[in-house]
Structure formats: structure tokens, C-alpha cells
Amino acid sequence: MTTTLPTYFISHGGGPWPYMDSMREAMRGLATALADMPRQYPAPKAILVISAHWEENAFSVMSNPHPGMLYDYGGFPPHTYKVVYPAPGAPELAVRVQGLLAAAGLPVRLDPQRGFDHGTFSPLVVMYPDADVPLLQVSLKTGLDPAVHIALGRALAPLRDEGVLIVGSGLSYHNLRQFGPPGKAPSMAFDQWLQDTVVAASPAEREARLLDWAAAPAARIAHPREEHLLPLMVAMGAAENDAATCVYHEDNVFGGITVSSFRFDASQ
């Protein structure tokens, strides 16, 4: 019997937070939610992450069998630039992904050089601390068109029946200039719109609302640039007819903002 895995959009936290005691304590709720995820589905054969921290002119697929590390953050303690998440790559899956995207008419290429960025290794070290599941990333596409990223999700959907866990990794509120108290009201307003859209709306309405996300309350305050929201489009596109639930929600992180994560699952 084939098991269709869920897809996820996760709010991945800030920088190398799992490797810093103070930040891990501050993000205890996120850590608990991430650690619980592997108990929500059968063990995957591989994990595919669409990270907010990788954009290319064509969708790019990590194909290195032994990916390195990309420390794409600044101002953190020296030890956080030496951490290693040694998960194996998935070069055969990368070729499969390339084929699916090409068949869907999407521009795609393999990237044998790219390493894991913090949108991947920070949440994955909490989810799978043993780093024993093959892992690869797929980039966003420059232009950040919601429809194109929903199409990416649709193209990836067959992988759900092949034991591949699809994770969109971003942040439901991402305005670094309005973290803390200034972000409290806009993050709450945008999060309420996300709950109404992702969880409560019908699949057709959900897609229409996400395509027009910039019209949401406080949308451009929550996301002055939408790269941290686009992984949600991919996760939804890969499970566009499935019900969604909120699997993580906090009202007081990053000094007072509201953030959420979502699961799309046909069995709900």
C-alpha cells in the first residue's frame, strides 16, 4: 500500500538558533514542534527542502552526494560557522526532480556545488539530529511569482507517493526591521489571514487567496520581500486538494511577533 506523505511549511527560526543555548531556549516552542514532526508520518526515504535562502534564475536542484555547509548569516558566535550537518545528499532523487520539473515546462538545472543553508540545516538538526536521512534542496526562482511556485509544488507532488517528504522552509512573518514590539500588530493581522486562508478556506479559495497574498492585511509589512513566504506556495501546490492544519503557532517570538507553521495532509 502506497502512503502519501504530508507536506509542510515551517517557520524555520533565526540563523543558527539550535546551536546556541540562549536562542534554543527562546525558540523552545519551535524546537518542540519540529522535533514532533517525524512522529506525524512514516519514515521518509528522503527529504526535499525549498529554502527561502536560495534563489536562482532557473529552479536549481542540489545534486552533490555529500553537500557542504553554507553559513548564510552574520554576527553570530564563531562556533556557529563551524557546525556541520552531515546528512547525505540524494543525487538520484535530484535527477528525478529535474525530470519532473522539465516535464512540467519549468526551467531547471542541477547544482553540484550548493551546500545546505540555514533554512535547511537549522530546522533539520532538530527534526533529525542523527542526520541519517538523505536530504536535498530546491531553489526558489527569481521573480518570486506565486503562480510559478505553486506550479513547482504541483510538479513535485508525485514524490509524496515515493517516500519523499516535501518541506517549504521560510517564516510566516519576515520583516527584520520590524521584529519586537513594532511587529506585534502586523504579524498578528497577517497570521490571522494565513489561518483563514490556509486552514479554513476551500482548496480553490486557498489558492486564489495565496495568489493574491499581497492584498492581505499587513502583507507588505509582514513580507517586504516575499522569499520567506514562497515556500508556503510550494508546499500547498504539492498538496493542493489536501486539508491543512496549523502545527506550530506562537504569539511572542523575536520579541513579540506571531509566527506559524502548517501541514497539508490528505488523511486529515
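Numbers at a glance
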read-out: Qualifying residue in region 66-74 (condition: part of a helix (DSSP H, G or I) and surrounded by fewer than 17 Cβ atoms within 10 Å (Cβ to Cβ)); value: no
read-out: So A102, is it among the small types (G, A, S), outside any helix (DSSP H, G or I) and surrounded by fewer than 19 Cβ atoms within 10 Å (Cβ to Cβ); value: no
read-out: Filter result (in contact (Cβ under 8 Å) with a residue 60 or more places away in the chain, surrounded by 17 or more Cβ atoms within 10 Å (Cβ to Cβ) and either among the small types (G, A, S) or touching a Gly at 6+ places or on another chain (Cβ under 6 Å) (or both)) within region 53-65; value: H53, S60, S63
read-out: Check on V234, touching a residue at least 40 places away in the same chain (Cβ under 8 Å), assigned to a helix (DSSP H, G or I) and over 18 Å from D145 (Cα atoms); value: no
read-out: Failed condition for P129, given (1) in contact (Cβ under 8 Å) with a residue 40 or more places away in the chain; (2) out of contact with any Pro (no Cβ under 7 Å at 6 or more places or on another chain); value: (1)
read-out: Filter result (closer than 22 Å to A147 by Cβ and touching a residue at least 40 places away in the same chain (Cβ under 8 Å)) within region 99-118; value: L100, L101, A103, A104, L106, P107, V108, R109
read-out: Condition check for V49: within 30 Å of T3 (Cβ to Cβ), touching a Ser or Thr at 6+ places or on another chain (Cβ under 6 Å) and not in a loop (DSSP other than H, G, I, E, B); value: yes
read-out: Number of the condition not met by A35 [criteria: (1) outside any strand (DSSP E or B); (2) closer than 16 Å to S139 by Cα; (3) under 17 Å from the mean Cα position of the chain (by Cα)]; value: (2)
read-out: Residue within region 251-267 that is farther than 17 Å from L176 by Cα, basic (K, R) and not in a helix (DSSP H, G or I) present; value: yes
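All of the numbers you see were taken from the coordinates with simple rules; none came from a lab. Everything numeric in this text was worked out from a predicted model, so none of it was measured. Positions of Cβ are backbone-derived with ideal geometry, glycine not excepted, and every protein chain shown enters the neighbour counts.
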